[in-house]
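Peer 1: Can you keep this structure in mind? I'll have questions shortly.
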Amino acid sequence: MADRRNGNSQPSHGKASGAGNTYDIDLVNFSTRLKSLYSHWGEHKSDMWSSSDVLTIGTPPASEDLRYLKSSALHIWLFGYEFPETVIVFTKKQIHFLCSQKKVSLLDVVKKSAFDAVGADVVMHVKAKNDDGSSLMDSIFRAIRAQSKADGMENPVVGYIAREAPEGKLLETWSGKLKNANFELVDITNGLSDLFACKDDTEIMNIKKAAFLTVSVMNRVVVPKMENVIDEEKKITHSSLMDETEKAILEPTKAGVKLKTENVDICYPPIFQSGGVFDLRPSAASNDELLHYDPASVIICAVGSRYKSYCSNIARTFLIDANTLQSKAYEVLLKAQEVAISMLRPGNKVNAAYTAALSVVKKESPELVPNLTKSAGTGIGLEFRESGLNLNAKNDRIVKAGMVFNVSLGFQKLTPTDKLQSSAGKTKNQNFSLLISDTVIVGKEKTEVLTAPSSKSFKDIAYSFNEDEEEEEKLKVKSEANGKEAVVSKTTLRSDNHEISKEELRRQHQAELARQKNEETARRLAGVGNGAGDNRSSMRTAADLVAYKSVNDLPPQRDLMIHIDQKNETVLLPIYGSMVPFHVATIRTVSSQQDTNRTCYIRIIFNVPGTPFSPHDANSLKFQGSIYLKEVSFRSKDPRHISEVVQLIKTLRRQVVARESERAERATLVTQEKLQLAGNRFKPIRLPELWIRPAFGGRGRKLPGTLEAHLNGFRYATTRSEERVDIMFGNVKHAFFQPAENEMITLLHFHLHNHIMVGNKKTKDVQFYVEVMDVVQTIGGGKRSAYDPDEIEEEQRERDRKNKINMDFQSFVNRVNDLWGQPQFGGLDLEFDQPLRELGFHGVPYKSSAFIVPTSTCLVELIETPFLVVTLGEIEIVNLERVGFGQKNFDMTIVFKDFKRDVLRIDSIPSTSLDGIKEWLDTTDIKYYESKLNLNWRQILKTITEDPQSFIDEGGWEFLNLEATDSESENSEESDKGYEPSDVEPESDSEEDDSDSASLVESEDEEEEDSDGDSEEEKGKTWEELEREASNADREKGDESDSEEERKRRKMKTFGKFRAGPSGNAPKRPKMR
């Protein structure tokens, strides 16, 4: 390990004493970063580099000590390796190297690159083995003075790293001669710190790999080992745990990570602390005391690893049978750390992170402020602690994209109150500390927590194995006396609490979730205001419609007849002896009819702004004083010509509408990265003979295709060159694999962050599937025997086919999961999820009944279209409606955290699924409520967003709590008008407005229908419009209601036996989505 302890963690062949041919300096990287150094030096010479004209950097001899030096960091940043006992002097026109002959032979390759990059000549000064280098140093000083005189300066300003004490004979001699050379010496530490602060793509990738190793060691080595020790009550020392963890870092395969051992190292010896003795500094050491895990114990684990010298860090605190103070302090600390991370955005000041964390502690638990650490972390990279990027209250530097931070926050020396002394009496020391640390990258658009895969939520770090029933009962009574419910912890290693029913435990957990949810909602509403999460964009306006640029472009016409110009998408109409052009997009409908005298009429209705179904567009607003032609009719004796004209106009208009629709869809797409195809080293993972949904357009026969996994995404392609879809890994939000069991298909489903185009359809859901059973039609009319050998053989073939397809899909999924497990994809957190059929239930999410199945992160229905994919993390609350005695089914309303988003209703869920759904919601930490009626959610959410403070003051979501409202009078539902449950939902015209909008981009179905029209219609309404009006009128009268309750009521009226049912049997209203 000695050859990796000099702050560079390079392989042993990376030392200057090794063979020269083992070094491989990346000259492209060297040139780029040398330009950055000189550019930064020139731009910030006065404020960061102390007005220095010359930069001197000296690296000490190799050492076994684990240390971080800016001189070593500069070497690794420039060359990829550290060259010990080397002095580098940068001037504007020269770069001097003072080192041994071996190092000179290695560094000779940079001469041309340095001159091409910054125009500086590289001068090598070879030091003999027994020479102290004094004469060579004098020649360097003479070159500095000569350059200074040439620039018109008497005494040059020489910059050096003042905080690094000289080590070794060479640097001691250099330091002494430099101080006696009568130069003006200044410190350049700030300049180097700012130079290293923003990382490039290569550095970011190295840090991501280091963080992936750190998280893997924590999740796969540290936590399982600690859980095993606690569960089996083993005795193990902190130092033993440290040794095992360090070995796992230095041998990544022990943590299931495929990184070369020569590229990895530790940032510091892993830290394990318990038993009341805590030190939150990274310089702390793991002592030889035994790991302490008695009740009310606290265990702190900190792990840091490096990849190619770039650091990452993580620290987690684990609570054993936590008391009230420990639980509360941890929740406050976690909230403060998350707020600090959220403040690390480009443009913010560095001190905003600590200030935000401090304000959270002051608000939640003012008594804990003295115990809060004085810093929220530091910058991290080539150095574990980058000076100049301390996250404290005094640092007013600006956060920039590319910066990386170790966000570390803790409480020190906390002591339980007198009331909790009994619960902490068994611990070795009643004092405890808490610490949470994460590695965070500041991106241009979002902040990425690289160590997030290691959970820090309370339920995942709190363990319970209390064996004392009396003590547990006391704590329970105490928590109830304080008005707080017990928090369910992650793992119950030993639990004797069998007397409490599952319903009671669920009720307690839901009460705690209600408190947390109201606090979270209050913070979000107070922080983001009314405009949170409104991602809806307005429809793209049509471009200026130009049929012809000038009169001269009109095609010559011999006869005054209706003419269709396909090339210019124009209809030429004869009006008062002249041919007048109309762009086909201005035409709404065209129809023809024939009277008894065999006279044919053609009727053309135009889009007129301001009339029903014709809203104002950009063109009408531009020419507000214009007069518009509403309708025109022509008469002809040639029915054949009339029919041909109508057909041509409809066809042309359909093509224009389809093109503009696709253009409007594509205009809102987010630009995706380019797919990197697998080369010779990596063979793509293939799955052939798949069908895709949504299907490609076109009239040809549909063809199956092949799905391939490449370096950064999937590609699906058929034998037709135009039928191809690329799905980037970075755009995949959720991936699902659903094998065929009771279904006819086995499928892979991808739910995306951003829309993509499949053919001419814009979609966020792409599915690939194979039918596992062939459709068989029996030609004979008679029934076949169940013991028919042919029938049995056919069923066996179907089972074999289904099993083979499922195994092929499973193999593809496993190989892709292995690909996603590589370090470069660690930040994406991708893995194929499989639906949990035993938790599924039937319901109506859209128009037809479907089997809806939860997964670990979503609620999905992937068989029927449109698909249903609901991310559990985006759910605010769930309201179970029409729940009551005597009801055969109920409805589920999902309210999202984005209040601008319409709620999702799943109707007609069988009441037999109610308990299972409650249990599933509770285990996934989703707060649910029950109500006897359907609620008007649009009005509720509108009221909340308009006046969030009133919503918070009146108890948040507790207005939905039936247990609280049942104790009040029956008329109390009128007291809160803002959140009044109502079984009469006001009519909303939004759906009609959306469907009836006749803009340039409208549905093709409406255009394909022929409209006979009525020449006597005064307002020019088409048959489609009249039918819609009649349908709307019927809907208002309730004639289209087909609910079960409505049918029963009409049936009972027929027999004269109508009687009022329970309140839950009110007629069901149309859904508002």
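Peer 1: Out of the strands (runs of 3 or more DSSP E) lying entirely within the range 78-128, which hold 3 or more residues that are closer than 27 Å to Asp200 by Cβ and more than 46 Å from the chain's Cα centre (by Cα)? Spell out the reasoning first.
Peer 2: On the way: elements: 86-90, 94-99, 121-126.
Where strands (runs of 3 or more DSSP E) fall fully within the range 78-128 and carry at least 3 residues being closer than 27 Å to Asp200 by Cβ and more than 46 Å from the chain's Cα centre (by Cα), they are 94-99.
Peer 1: When the range 258-283 is examined, which residues are found to be in a loop (DSSP other than H, G, I, E, B), of a type outside the set (Val, Ile, Thr) and either open to solvent by 40 Å² or more (accessible area, probe 1.4 Å) or within 28 Å of Pro823 (Cβ to Cβ) (or both)?
Peer 2: If the condition is that a residue be in a loop (DSSP other than H, G, I, E, B), of a type outside the set (Val, Ile, Thr) and either open to solvent by 40 Å² or more (accessible area, probe 1.4 Å) or within 28 Å of Pro823 (Cβ to Cβ) (or both), then Lys258, Leu259, Lys260, Cys267, Tyr268, Pro269, Pro270, Phe278, Asp279, Arg281, Pro282, Ser283 are the ones that fit.
Peer 1: If you take the residues of the range 593-620 that are in contact with a Pro (Cβ under 8 Å, 6 or more places away or on another chain) and either modelled with pLDDT of 85 or more or more than 30 Å from Asn552 (Cα to Cα) (or both), which of them is most open to solvent (accessible area, probe 1.4 Å)?
Peer 2: Among residues in the range 593-620 that are in contact with a Pro (Cβ under 8 Å, 6 or more places away or on another chain) and either modelled with pLDDT of 85 or more or more than 30 Å from Asn552 (Cα to Cα) (or both), the one most open to solvent (accessible area, probe 1.4 Å) is Arg598.
Peer 1: Applying the selection to the range 623-645, what residues are of a type outside the set (Gly, Ala, Ser) and under 18 Å from Pro581 (Cβ atoms)?
Peer 2: Passing the criteria: Phe623, Ile627, Tyr628, Leu629, Lys630, Glu631, Val632, Phe634, Val645.
Peer 1: Sticking with this one: Can you spot a residue in the range 76-98 that is among the aliphatic types (A, V, I, L, M) and open to solvent by 60 Å² or more (accessible area, probe 1.4 Å)?
Peer 2: Within the range 76-98 (the criterion being among the aliphatic types (A, V, I, L, M) and open to solvent by 60 Å² or more (accessible area, probe 1.4 Å)), the answer is no, since none of the residues qualifies.
One line per residue, one yes/no per condition, for (1) in contact with a Cys (Cβ under 8 Å, 6 or more places away or on another chain); (2) open to solvent by less than 40 Å² (accessible area, probe 1.4 Å); (3) modelled with pLDDT under 95; (4) in a helix (DSSP H, G or I):
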position: Ala356; (1), (2), (3), (4): no, yes, yes, yes
position: Lys363; (1), (2), (3), (4): no, no, yes, yes
position: Leu368; (1), (2), (3), (4): no, yes, yes, yes
position: Leu382; (1), (2), (3), (4): yes, yes, yes, no
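Peer 1: What about Ile299, is it closer than 23 Å to Glu203 by Cα and open to solvent by less than 20 Å² (accessible area, probe 1.4 Å)? Walk me through how you get there before you give the answer.
Peer 2: Working: closer than 23 Å to Glu203 by Cα: no; open to solvent by less than 20 Å² (accessible area, probe 1.4 Å): yes.
Answer is no for this residue.
Peer 1: Is it the case, given these coordinates, that Phe736 is assigned to a strand (DSSP E or B), at pLDDT 90 or above and touching a His at 6+ places or on another chain (Cβ under 8 Å)?
Peer 2: Answer is yes for this residue.
Peer 1: Somewhere in the range 524-534, is a residue in contact with a strand residue (DSSP E or B) (Cβ under 8 Å, 6 or more places away or on another chain), at pLDDT below 85 and open to solvent by 60 Å² or more (accessible area, probe 1.4 Å)?
Peer 2: no
Conditions (1) assigned by the TED database to the domain that holds Gly826; (2) modelled with pLDDT of 50 or more; (3) of a type outside the set (Val, Ile, Thr); (4) surrounded by 14 or more Cβ atoms within 10 Å (Cβ to Cβ), marked per residue:
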residue: Thr447; (1), (2), (3), (4): no, yes, no, yes
residue: Leu450; (1), (2), (3), (4): no, yes, yes, yes
residue: Pro453; (1), (2), (3), (4): no, yes, yes, yes
residue: Ser457; (1), (2), (3), (4): no, yes, yes, no
residue: Glu469; (1), (2), (3), (4): no, no, yes, no
residue: Glu472; (1), (2), (3), (4): no, no, yes, yes
residue: Glu480; (1), (2), (3), (4): no, no, yes, no
residue: Lys484; (1), (2), (3), (4): no, no, yes, yes
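Peer 1: Applying the selection to the range 138-180, what residues are open to solvent by less than 60 Å² (accessible area, probe 1.4 Å), closer than 25 Å to Pro84 by Cα, touching a residue at least 24 places away in the same chain (Cβ under 8 Å) and among the hydroxyl-bearing types (Ser, Thr, Tyr)?
Peer 2: Hits for the range 138-180 are Thr173, Ser175.
Peer 1: Say we look at the range 536-570 and pick out the residues that are under 22 Å from Ser636 (Cβ atoms) and open to solvent by 60 Å² or more (accessible area, probe 1.4 Å); which of these is modelled with the lowest pLDDT?
Peer 2: Filtering first and then ranking leaves Arg558.
Peer 1: May I ask you to list the residues in the range 566-597 that are under 24 Å from Pro609 (Cβ atoms) and charged (D, E, K, R)?
Peer 2: Within the range 566-597, Glu569, Arg588 qualify.
Peer 1: So which of Ser72, Ser46 ends up being of a type in the set (Ser, Thr, Tyr) and either surrounded by fewer than 20 Cβ atoms within 10 Å (Cβ to Cβ) or in a loop (DSSP other than H, G, I, E, B) (or both)?
Peer 2: The match here is Ser46.
Peer 1: Scan the range 898-930 residue by residue and report those that are charged (D, E, K, R), surrounded by fewer than 20 Cβ atoms within 10 Å (Cβ to Cβ) and farther than 17 Å from Thr857 by Cα.
Peer 2: Within the range 898-930, Asp898, Lys900, Arg901, Asp902, Asp915, Glu930 meet the criteria.
Peer 1: Then there's this: How many of the residues in the range 854-871 are hydrophobic (A, V, I, L, M, F, W, C), open to solvent by less than 10 Å² (accessible area, probe 1.4 Å), in contact (Cβ under 8 Å) with a residue 40 or more places away in the chain and not in a loop (DSSP other than H, G, I, E, B)?
Peer 2: Kept after step one, since they are hydrophobic (A, V, I, L, M, F, W, C), are these residues of the range 854-871: 858-860, 862-863, 867-870.
When the remaining residues are screened for being open to solvent by less than 10 Å² (accessible area, probe 1.4 Å), the result is 858-860, 862, 868, 870.
If we keep only those that are in contact (Cβ under 8 Å) with a residue 40 or more places away in the chain as well, we get 858, 860, 862.
Next, only the ones that are not in a loop (DSSP other than H, G, I, E, B) stay: 858, 860.
Within the range 854-871, residues that are hydrophobic (A, V, I, L, M, F, W, C), open to solvent by less than 10 Å² (accessible area, probe 1.4 Å), in contact (Cβ under 8 Å) with a residue 40 or more places away in the chain and not in a loop (DSSP other than H, G, I, E, B) number 2.
Peer 1: Can you tell me which of Asp288, Asp321 is surrounded by fewer than 17 Cβ atoms within 10 Å (Cβ to Cβ), in contact (Cβ under 8 Å) with a residue 40 or more places away in the chain and outside the structural domain of Phe79 (by the TED database)? Walk me through how you get there before you give the answer.
Peer 2: On the way: Asp321 fails: surrounded by fewer than 17 Cβ atoms within 10 Å (Cβ to Cβ).
Answer to the selection: Asp288.
Peer 1: Sticking with this one: When the residues of the range 199-223 are narrowed to those that are open to solvent by 50 Å² or more (accessible area, probe 1.4 Å) and in contact with a Gly (Cβ under 8 Å, 6 or more places away or on another chain), which ends up nearest to Ala401 (Cα to Cα)?
Peer 2: Only one residue fits best here, namely Asp200.
The values are calculated or read from the model by the stated rules, or taken from the named source; none is laboratory data. Bear in mind that the values here come from a model prediction, so they are computed numbers and not experimental data. Every residue, glycine among them, receives a Cβ derived from its backbone with ideal geometry; neighbour counts consider all protein chains shown. Side chains included, ligands, DNA and RNA excluded: accessible areas come from the protein's heavy atoms. Shrake-Rupley method; radii C 1.70, N 1.55, O 1.52, S 1.80 Å.
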